[in-house]
Every structure is written in structure tokens, then in C-alpha cells.
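The values are calculated or read from the model by the stated rules, or taken from the named source; none is laboratory data. Fair warning: this is a prediction, and the values are worked out from it, not measured in the lab. Because the Cβ atoms are built from the backbone with ideal geometry, glycine has one as well, and the counts that use them run over all protein chains shown. Please note that ligands, DNA and RNA were not included when accessible areas were found on the heavy atoms of the full protein model with its side chains. Shrake-Rupley method; radii C 1.70, N 1.55, O 1.52, S 1.80 Å.
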Amino acid sequence: MQGTVAISGAKNSALPAMAAALLTAERVALHNIPRVRDIITMAKLLAFMGAKVGVDSFPGADYSIEAQALTHAEAPYELVKTMRASILTLGPTLARLGIARVSLPGGCAIGARPVDLHLSALEKMGAEIATTHGYIEARAPRGRLRGVRIRFDKITVTGTENILMAATLADGETILENAAREPEIGDLVGLLRKMGAKISGDGTATLKIEGVQKLGGAEHAVIPDRIEAGTFLVAGAITSGDLTLINCNPEHLGATITLLQRAGAVIETTGPHRVRVHAPRKLTAANATTEEYPGFATDMQAQYMALATQAEGTSVIDETIFENRFLHASEMMRMGANISIDGHRAVVRGPAALSGTTVQASDLRASAGLVLAGLVASGETIIERVYHIDRGYERIVEKLKALGAVIARVHGQNQ
Ligand code: UD1
């Protein structure tokens with residue numbers, strides 16, 4: 001594959017940014033929002049709650065959100081079940097209105113993914129929380145949360161974001177220890193600061209938030225999607241191609257770039273927002289362990305596994321973040337990959353000649369992994385349940401096609 005591809009805005013930055021608009025009655029204008037399904041779900045959720053949501057689309061959408069009067073402090077099951085990130089409305093709604101009701105997200109294909117850390121942190125801030133009839137019902141006595149010191153037992157990205165947002169309107173100072181350090185957290189801090197929040201420590205594992213009485217409107221462009229960028233880096237490497245990614249932030253791609261370089265890809269940062277990848281015919285095996293940022297992202301694991309099937313030697317891939325995130329492996333094996341799974345560890349022996357067949361996507365990033373495997377498989381690969389990919393990749397078919405991939409969206413599937 002050859003050519004230049006523009007990276008979209010980060011879904012995982014856009015979702016908390018949209019939820020943050022619930023914290024103020026004033027208008028929050030957001031730019032570089034990717035046109036993906038999860039964003040539409042979040043927009044629907046905010047509109048259900050009573051916010052005015054305006055969108056001026058294409059290529060990267062601009063959203064205008066005005067939560068002047070929130071009429072429903074509730075995230076209903078119908079919306080939460082399609083997107084776990086709906087939980088991001090809990091912190092801001094509770095902080096703004098003193099009350100919130102959010103459907104329990106439940107499990108998903110890649111693991112149980114509880115929200116216990118979000119809830120215990122809010123309880124520490126004084127919230128009274130009950131979970132009944134499948135809903136989280138939270139109430140702040142006298143309408144306000146209070147600032148406290150919170151230490152997360154485990155690093156959680158949306159948990160950090162939820163409590164960060166809640167703390168901006170709490171009484172007094174909140175200190176969040178063992179906070180996530182993903183670039184999306186820094187982006188959210190940037191937006192909250194523009195809204196008038198007092199936050200320090202971003203980029204470190206300890207965030208300090210001094211609650212204010214009120215937040216105001218702001219305008220903000222979200223950061224580029226580092227997972228989409230990483231996916232295209234793998235696409236370039238796995239096809240021995242020559243791709244240039246533009247509108248990306250190479251600083252956020254460190255662990256992925258290092259891993260792909262170890263596998264033999266040549267990756268150069270050719271400008272502040274630009275990266276080039278090209279690769280020799282032969283890739284070599286390299287081990288990978290998923291970790292919290294700045295480590296190698298679990299959201300890149302499926303895509304890297306596709307590459308490992310093509311690399312010479314044995315690649316050991318350890319998944320440390322989610323308990324059941326190798327569902328794509330069995331589908332890659334049906335395509336001819338040599339992979340054995342033992343709990344949290346996958347051992348990939350390559351190179352294997354993959355052959356196209358019908359495979360099923362189990363989640364968002366698994367679908368991307370299967371698309372990458374399909375790029376190098378002989379014959380035709382049909383990916384079913386591809387709606388998963390539309391949750392998080394903007395115009396993936398068009399972007400890959402423009403780079404020379406032979407790919408089409410087949411209609412009439414059971415989507
Ligand atoms: C976010 C990302 C997702 C990414 C993940 C890990 C968004 C919208 N989603 O998901 O793409 O794969 O980070 O980088 O940004 N956990 C608990 N209790 C909790 C919360 C989490 O046990 O209350 C566990 C989870 O089950 C998981 C681990 O902590 O094993 C990390 O999860 P977390 O960082 O919370 O993931 P999300 O924020 O849901």
C-alpha cells in the first residue's frame with residue numbers, strides 16, 4: 001500500500017470532551033470530532049439528557065453542545081448497552097445537578113469491565129450510590145460533591161476522566177493518585193481548563209483539582225487518534241508498503257513505533273504531525289506486552305497480532321489490561337495463522353501464509369486486526385459484524401482504498 005492518509009480526531013478524546021459539556025450551561029464548541037458511531041451515540045445521549053447538540057459535519061465534524069437546562073439526569077440502557085463510554089456522563093451530571101442515573105454498562109466481549117473504581121471514588125467524594133434495577137443511582141447530599149484524596153487501586157482511563165470532571169465542580173481540593181496518563185486525559189484537562197477548571201499535574205499519575213463554583217463555555221479541537229494512526233502504521237508495515245500519515249501526533253505513538261521498528265519496519269517522523277512507514281519484505285518477530293500509557297496500548301494488540309503472523313520467528317504477546325482480548329486470534333487461525341493462546345499470553349509463530357475466508361469481528365480493535373490480516377491473505381476475506389469497526393474508525397474503507405487496498409463494504413450482511 002502506498003500514499004498519504006489523514007488521521008482523524010481521537011474517538012477516546014472526543015467522548016469525554018462531549019461529556020464535559022454537561023458541566024456548564026454555556027456552549028462548548030468541539031472540533032476534529034471523528035465521524036464514527038460512538039460519537040453519534042454520545043450525541044444522542046446528550047440530546048436525551050436535554051442538551052442542544054449541533055453538528056456541522058465533514059471531514060472532521062464540529063460539534064456545538066449547549067447543556068443549558070438538563071431535563072433528564074439519566075443515561076438509559078438502550079444507549080449505554082451499545083457504548084460503555086456512556087458511563088462518562090455520570091461524573092459531570094452528578095457534579096452539575098447533584099443527581100445522576102446511569103444504566104450499568106455490564107460486560108462486553110473483551111471482559112467484565114466493571115465500573116467499581118468510578119463508583120467508590122464518587123462515594124469518597126460524598127455521593128450516595130445505589131445500584132438497583134440495573135441502574136446506578138447517585139446523589140450528592142446538598143447537591144455538591146466534596147474534594148478528597150483518592151487513590152485508584154488500578155489505573156482506569158474513563159474512571160480517571162469521570163472523577164476528574166466530577167472534581168472540577170466539587171467543594172475543595174481533590175487529589176487523584178494512580179491516575180491514567182493517556183494523552184486523552186491531557187486533552188480533557190486542556191478542555192476543562194479552558195472552561196475555567198483549576199487542574200494541575202496532567203501528564204503525571206497525580207492530578208490535583210481545585211473545585212470551582214461554575215464552569216463556562218469553551219472551544220477545543222481534540223487530539224489526533226493515536227490508535228487509528230497505529231493501525232495505519234501496521235497497515236504500511238504488513239504490506240511492505242510506503243505510507244505517510246498526516247494530521248497525527250508522533251509523540252503519542254512512541255511504544256507502537258518502537259515495537260514496529262523492532263519488527264523491522266522503518267518509521268520516520270518527517271514533521272510535527274507527520275510520520276512515514278515503510279518496511280522490508282521480511283519482518284522479524286518481536287515480543288509485545290500491553291500496558292497503560294506510555295506503554296504499548298491494548299487497543300493496538302489485535303492489529304499487532306496480524307503483523308506478528310507475518311514476521312519471521314516467534315512473537316510472544318502478553319495482554320495485561322483485559323482478561324479476554326484474544327478473540328481475534330481464533331479467527332486469524334482460521335485464516336492459517338499459527339497462534340497458541342495460554343491465558344493472557346499469545347504465542348504467534350510466523351511467517352504464515354494466510355488465506356482469505358469468512359471471519360467474525362468480535363469488537364472494535366479485533367475488526368481492525370482482521371482487516372489487516374485480510375490485506376495480506378491470499379484470496380478474499382469476508383469480515384462479518386463489521387459494524388464494530390464503524391464504532392471507532394472514520395471512513396476506514398475509503399481510506400484503505402485510497403492507499404491501494406482492494407476492499408469494499410458489502411451490503412446485505414447481518415449488521
Ligand atoms: C479505555 C478506552 C479503551 C481502552 C482502555 C484501556 C475509552 C472510551 N476507552 O476504556 O479504548 O481499551 O481504556 O486502555 O477511552 N477496571 C476495573 N474497575 C473499574 C474500571 C476499570 O476493574 O472501575 C479494569 C478494567 O476491567 C480493565 C482495566 O481496569 O481490566 C482498565 O480499564 P479502563 O482503563 O477503565 O478502560 P476503559 O476506561 O473502559
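At a glance:
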item	result
Charge context of L283, other residues only, Cβ under 11 angstrom, K/R +1, D/E -1	+2
Mean residue ellipticity (222 nm) of the chain, computed from DSSP H runs ≥ 4 via -39,500 (n - 2.57), nearest 500	-9000 deg cm²/dmol
Relative contact order of the chain, pairs being alpha-carbon contacts under 8 Å that are 6 or more residues apart, as %	15 percent
Gyration tensor verdict on region 1-110 (Cα atoms; rounded if a/c is under 1.5, prolate if a/b is larger than b/c, oblate otherwise)	oblate
Nearest-ten-degree value, helix 364-376 long axis tilted from longest Cα axis of the chain	20 degrees
Nearest-ten-degree value, helix 11-20 long axis tilted from longest Cα axis of the chain	10 degrees
For region 334-350, Karplus couplings with θ = phi - 60° (6.51, -1.76, 1.60), whole Hz, Gly/Pro x	5, 8, x, 6, 9, 10, 10, 10, 9, x, 8, 10, 10, 10, 10, 10, x
The chain: antiparallel DSSP beta bridges as a percent of all, rounded to 5	65 percent
Packing rank of 257-264, 402-409, 276-283, where each peptide gets the mean count of other beta carbons within 10 Å, highest leading	257-264, 276-283, 402-409
Long-range HN-HN contacts of G147 with modeled amide H, under 5 Å	D171, G172, E173
Of all DSSP beta bridges in region 276-406, antiparallel share, percent nearest 5	55 percent
Separation of the H411 and T358 label points, Cα + 7 Å toward Cβ, nm	2.0 nm
Rounded percent of accessible protein surface that carbon and sulfur make up, the chain, 1.4 Å probe	49 percent
Nonlocal amide H pairs with R27, under 5 Å, H built at 1.01 Å	G217
Nearest 10 degrees, 0 to 90: helix 37-49 Cα axis against the chain principal axis	10 degrees
Under 17 Å from the K198 label point (7 Å along Cα→beta-carbon), backbone N, region 214-238	214-216
Given K11/K214; K11/K154; K44/K208; K81/K198, the pairs whose alpha carbons are separated by over 30 Å	K44/K208; K81/K198
Principal semi-axes in Å for the chain [√(5λ), Cα gyration tensor, largest first]	38, 21, 20
Estimated FRET transfer efficiency (E398, D62; beta-carbon r; R0 25 Å; 0.05)	0.80
Built amide H within the under 5 Å cut-off of K52, gap 5+	E66, A67, Q68
Cα lying deepest toward the dipole's positive end in region 91-172, options T158, V148, Y135, charges on Cβ	V148
Average accessible surface area per residue within the chain, 1.4 Å rolling probe, Å²	40 Å²
Highest to lowest packing among 303-313, 130-140, scored as the average C-beta count within 10 Å	303-313, 130-140
Centre separation in Å (Cα based) which lies between region 81-98 and region 196-227	17 Å
Simple spin-label estimate for Q213 and N324 in nanometres, 7 Å along Cα-Cβ	5.0 nm
